[in-house]
Amino acid sequence: MNNNQHIGIFDSGLGGLSVLQHVHQLLPREHILYIADSGYAPYGCQDNSFIEQRSRVITEHLIAQGAKAIVIACNTATASIIESFRQEYGIPFIGVEPGIKPAIIMTKNGHIGIMATTGTLASTRYAELSQRFGNSVNLHNQACPGLVEQIEAGLLDDPSTMRLLTIYLNALALNQVDTIVLGCTHYSFLSTQIRQVAGDTTCLIDSSYAIAEQLARVLEQENLRNITMTGSIHYFSTGSINKTKSSINSLLGYDVTVNPL
């Protein structure tokens, strides 16, 4: 590997764009290939064998294209496959997981809500994470089926999205949570809407920037950081190109080119 090779970022769909934005901001010289597996989204309701198969197809494509590191910008996929892929493929993998540790620092009453997919909350990795850090606080898990699909469709302010958020956030409010962990990268795009329902005094924990910082540390440690060139971003999707392009443009606020995969 050399410093000029690209970084691969993938997600079941468009949630990983929240991570990509921070990666590009922090590492503007890096070349990035972003893959939205929109043809098979969402991962949150799928079993581990399906997630492993899709993650393997994408990982091997990124490696074939010369990836020097891969960011699994999906909590569900991270929980399912990151440890085995690190051993198998021999390049750096950076994953995402719910930010319980920073939430413990921020909470004032010890009641923390975890908004995540069903798959993430049911995973062994999440169970270990909550056991490791959750002994001193009360963790209230809230699965949020349907939110990923709303975000994929670009329906951030749609009444149907707000109805779902109201249901999920009211359930957390019953437990008096003062801090909410966004345990899915998609949910970063609903931060404004979540605050509208939960109130401005509720603290939101978004791990997207911390992932970018971890990637920067790993590249530095492995002497893989690109310091000589101007970075580029290329977007790919396994789903409808027109729909993916429209949703990305809506989420990012500018026009991008999306290539079929």
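Screening residue 184 on (1) under 16 Å from residue 99 (Cβ atoms); (2) without any contact (Cβ under 8 Å) to a residue 24 or more places away in the chain shows it passes everything except condition (2). The criterion of at least 1 residues that are within 18 Å of the chain's Cα centre (by Cα) and outside the structural domain of residue 252 (by TED's automatic domain parsing) is met, among helices (runs of 4 or more DSSP H) falling completely within the stretch 113-188, by 118-121, 124-133, 147-152. Exactly one residue out of 93, 50 is over 21 Å from residue 128 (Cα atoms) and aromatic (Phe, Trp, Tyr): that is 50. Could you list, in sequence order, all residues of the stretch 67-90 that are in contact with a Gly (Cβ under 9 Å, 6 or more places away or on another chain) and part of a loop (DSSP other than H, G, I, E, B)? Selection gives 67, 68, 73, 74. Would you check which residues across the stretch 223-257 are farther than 21 Å from residue 27 by Cβ, surrounded by 17 or more Cβ atoms within 10 Å (Cβ to Cβ) and of a type in the set (Ser, Thr, Tyr) and list them? Passing the criteria: 237, 238, 244, 247. Note on the stretch 40-49: residues that are surrounded by fewer than 16 Cβ atoms within 10 Å (Cβ to Cβ) and more than 18 Å from residue 143 (Cβ to Cβ) total 1. With respect to the conditions (1) surrounded by fewer than 24 Cβ atoms within 10 Å (Cβ to Cβ); (2) among the aliphatic types (A, V, I, L, M); (3) in contact with a Leu (Cβ under 6 Å, 6 or more places away or on another chain), residue 9 lacks only one, and its number is (1).
The values are calculated or read from the model by the stated rules, or taken from the named source; none is laboratory data. Small disclaimer: the values here were computed from a predicted structure and weren't measured. FYI the Cβ positions are ideal-geometry reconstructions off the backbone, even for glycines, and counts take in every protein chain you see.
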